[in-house]
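Enquirer: Supplied in structure tokens, the structure appears directly below.
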Amino acid sequence: MSRSRSPSYPVFSLPEAIARVRKIHDADRRNPVERIVVASHMGYSGISGASDQAISALVQYDLVEKVAKGELKVSQTAIDILHPESETQRKAAVLRAAYSPELFKGLKERFPESRFSDSALRSYLVRIGFVERAVDTVVKSYTETCNYLEQIGAHASEVAQPGAISEFKRDEVEPRLVVTPVAPKAVVDVAPTSTDGERVLTTGLLSKEATFRLLVSGKIGVKEIERLIRKLELDKEILADSEDETDRDDTSVFG
């Protein structure tokens with residue numbers, strides 16, 4: 001009879017993970033290092049079940065990343081937390097790390113409010129397949145992570161970065177793309193803004209003569225991003241057909 005196994009989960013909370021990755025960064029910066037070195041920086045005498053679980057937690061929080069077989073390095077997300085260019089960047093990185101674990105992402109969708117009871121969380125974890133011995137660890141790590149977000153004021157509704165999805169509830173909202181031509185040497189403002197209920201989700205450079213800003217009304221999630229991609233692909237086909245028509249007209253006049 002096979003032993004029952006719980007889904008993957010971080011064995012400690014995000015603030016604990018940040019404290020551990022800080023030790024790794026202090027010792028080796030972003031250099032690729034072997035797993036045993038990472039384990040030693042966290043206070044383990046060698047590779048063991050406990051050190052493997054700790055490393056797995058850092059990977060799940062996107063604080064370290066795999067670079068080769070048996071090698072890891074500190075991630076950009078960790079750098080944005082440890083040495084941010086601004087407080088907004090730090091909060092956004094903390095928020096991104098908090099919901100990088102697939103389990104925590106799912107728990108956020110299940111319990112969208114910042115307040116929830118331990119009993120409700122426990123009941124849900126058992127229902128989705130967690131064995132009793134793992135429930136206490138998950139409740140502690142997730143609750144402490146949520147409390148940490150509250151403590152530093154990192155909320156999905158308040159923190160946004162260009163190119164980052166800052167809302168986790170996915171309503172049916174159609175995004176609107178606005179392309180604004182600018183002079184070649186103009187400075188592009190990439191800071192998140194809000195005008196008439198809209199916010200800049202991302203900006204970018206299209207060419208030397210043009211940039212774009214993606215303005216979003218309401219909430220946006222993965223489904224809306226996928227729809228936007230399909231919409232842009234369709235617009236590309238229409239534009240290509242239009243250019244073909246222009247080429248044919250030129251040929252008929254001058255050829």
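The values are calculated or read from the model by the stated rules, or taken from the named source; none is laboratory data. Just so you know, these numbers come straight off a predicted model, no measurement behind them. Here Cβ is always computed from backbone atoms with ideal geometry, including for glycine, and neighbour counts include all displayed protein chains.
Enquirer: Exactly one condition in (1) crowded, with 19+ Cβ neighbours inside 10 Å; (2) over 26 Å from residue 133 (Cβ atoms) is not met by residue 69; state its number.
Expert: (1)
Enquirer: Taking segment 42-85 as the region of interest, how many residues are among the hydroxyl-bearing types (Ser, Thr, Tyr) and outside any helix (DSSP H, G or I)? Give the derivation first.
Expert: Within segment 42-85, the first condition is being among the hydroxyl-bearing types (Ser, Thr, Tyr), and the residues that meet it are 44-45, 48, 51, 56, 61, 75, 77.
This time we only want the ones that are outside any helix (DSSP H, G or I), so: 44-45, 48, 61, 75.
So the answer is 5.
Enquirer: Which condition number does residue 44 fail, the rest of (1) over 22 Å from the mean Cα position of the chain (by Cα); (2) crowded, with 17+ Cβ neighbours inside 10 Å; (3) aromatic (Phe, Trp, Tyr) being met?
Expert: For residue 44, the exception is condition (2).
Enquirer: Another question about this same structure. Which condition from (1) modelled with pLDDT of 95 or more; (2) assigned to a loop (DSSP other than H, G, I, E, B) is the one that residue 114 breaks?
Expert: Going through (1) modelled with pLDDT of 95 or more; (2) assigned to a loop (DSSP other than H, G, I, E, B) one by one, residue 114 breaks only (1).
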